[in-house]
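Written below as structure tokens is the structure these notes are about.
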Amino acid sequence: MTERSSDRESEQRVFDLYDDYCHGRIDRRDFLVRAGALTIGGVSALTMAQALLPRYARAQTISFTDPRIKGTYVTYPSPGGNSGTMRGYLVQPSGPGPFPVVLVIHENRGLNPYIEDVARRAAVEGFLALAPDGLFPVGGYPGNDDDGRTLQAKLDQAKLRTDMLNGAKFLKAHKMSTGKLGVTGFCWGGSTTNFLAAELGADVKAAVPFYGAAAETARVPEIKAPLLIQYAENDERINAMWPAYEAALKAAGVRYEVYIYPSTQHGFHNNSTPRYHEASAKLAWERTIAFFKKHLG
């Protein structure tokens, strides 16, 4: 094996370890120790591992005070959820409305600054966007991803999905809504996007899951919305689900588009870490907005 190919394998191994860390399979210390035992270019990979940890100052592309939007935190009932009440970040475009609406679902660590920025990105494109905080029943996003991941893992997962479901219902019925609902989400939120497409059926008009686990095969016929499915090339666990998911979508006659972005890692849309792949993230978001504009009006 050449030194160059060995370095590439070590780099991918660090990304794989980071994915394990992000999904709670190893803790932060274990991630850094294991990565530090690898070498890239003859030196420890610890520096690369440390650089992968989120830098949320990078994530803001749309300011909280951008005059094109108005953002506020709202609470709403969530029967059957983890506490019966939910909180979310609601971002309204400027203008009188009403607006088509987009639910933005976070990863497995609560409503962090990156997801809030994604909601603002949707709002500047003319959508009323809601990003629920699944951690609200336990005090809300704690300000760091490690604690957020721990808190989310401890929640009743079925009730957590119910909290997202109630967010979709709240948004669809909002006084500034046209009633046309789109859903997008990332990682855990991508999986939940697939779930909501099945759970809500014709109430969802378009769904865009980013590198999310597939919907249950038995429930695929309940999906009535067109799907825009976004995958990273280097994401073995999620991508392994695609052949069966595609077969189920075809069998059920569900309309879908799928894109697998070359040379990308799971999480490539998140611009707060070096997994971010700028060209692919921008293209994926352009496709997302075009898809919502087409199907939500």
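The values are calculated or read from the model by the stated rules, or taken from the named source; none is laboratory data. The shown structure was predicted, so the numbers you read here are calculated from the model rather than taken from an experiment. Cβ atoms come from the backbone with ideal geometry, glycine included; neighbour counts cover every protein chain shown. Surface accessibility is based on the protein's heavy atoms, side chains included, excluding ligands, DNA and RNA. Shrake-Rupley method; radii C 1.70, N 1.55, O 1.52, S 1.80 Å.
Quick notes on this one:
- Checking each residue in region 210-262 for being over 18 Å from the mean Cα position of the chain (by Cα) and of a type in the set (S, T, N, Q) picks out only THR217.
- Scan region 149-187 for residues that are in contact with a Leu (Cβ under 7 Å, 6 or more places away or on another chain), closer than 20 Å to VAL118 by Cβ and aliphatic (A, V, I, L, M) and the total you get is 7.
- Residue pairs meeting the criteria (Cβ under 6 Å; at least 6 apart or on separate chains; first open to solvent by less than 10 Å² (accessible area, probe 1.4 Å), in region 133-148; second at pLDDT 90 or above and in a helix (DSSP H, G or I)): GLY134/LEU160; GLY134/ASP163; LEU135/LEU151
- All of (1) in a helix (DSSP H, G or I); (2) modelled with pLDDT under 90; (3) in contact with a Gly (Cβ under 8 Å, 6 or more places away or on another chain) hold for VAL33 with one exception: (3).
- Residue ID - nearest to ALA153 (Cα to Cα), chosen from residues in region 94-127 that are open to solvent by 10 Å² or more (accessible area, probe 1.4 Å) and part of a strand (DSSP E or B): PRO100
- Every test in (1) in a strand (DSSP E or B); (2) in contact with a Pro (Cβ under 6 Å, 6 or more places away or on another chain) is passed by LEU130 save one, and that test is (2).
- In the set (1) farther than 29 Å from THR264 by Cα; (2) part of a helix (DSSP H, G or I); (3) open to solvent by 20 Å² or more (accessible area, probe 1.4 Å), the condition left unmet by ALA153 is number (1).
- Where a residue in region 109-129 is in contact (Cβ under 8 Å) with a residue 12 or more places away in the chain and of a type in the set (Phe, Trp, Tyr) and its partner, wherever it lies, is part of a helix (DSSP H, G or I) and open to solvent by 10 Å² or more (accessible area, probe 1.4 Å), with Cβ under 8 Å and at least six apart: TYR114/TYR56
- Any pair with Cβ under 8 angstrom, 6 or more apart, that starts in region 254-279 at a residue that is open to solvent by less than 50 Å² (accessible area, probe 1.4 Å) and ends at one that is part of a loop (DSSP other than H, G, I, E, B) and β-branched (Val, Ile, Thr): VAL254/ILE223; GLY267/THR273; ASN271/THR61
- Within region 113-143, restricting attention to residues that are more than 19 Å from ALA168 (Cα to Cα) and under 13 Å from the mean Cα position of the chain (by Cα), the residue that is modelled with the highest pLDDT is TYR114.
- Enumerated helices (runs of 4 or more DSSP H) restricted to region 207-297, each holding at least 3 residues that are under 24 Å from GLY126 (Cα atoms): 278-296
- Breaking point among (1) within 17 Å of the chain's Cα centre (by Cα); (2) farther than 15 Å from TYR89 by Cα; (3) at pLDDT below 95, for GLN157: (3)
- Test: residue in region 180-198 that is in a strand (DSSP E or B), open to solvent by 20 Å² or more (accessible area, probe 1.4 Å) and closer than 27 Å to PRO93 by Cα: yes
- Residues located in region 72-107, provided they are within 20 Å of the chain's Cα centre (by Cα) and of a type in the set (Phe, Trp, Tyr): TYR73, TYR89
- None of LEU200, LEU151, LEU165, LEU103 is in contact with a Ser or Thr (Cβ under 9 Å, 6 or more places away or on another chain) and farther than 26 Å from ASP66 by Cβ except LEU165.
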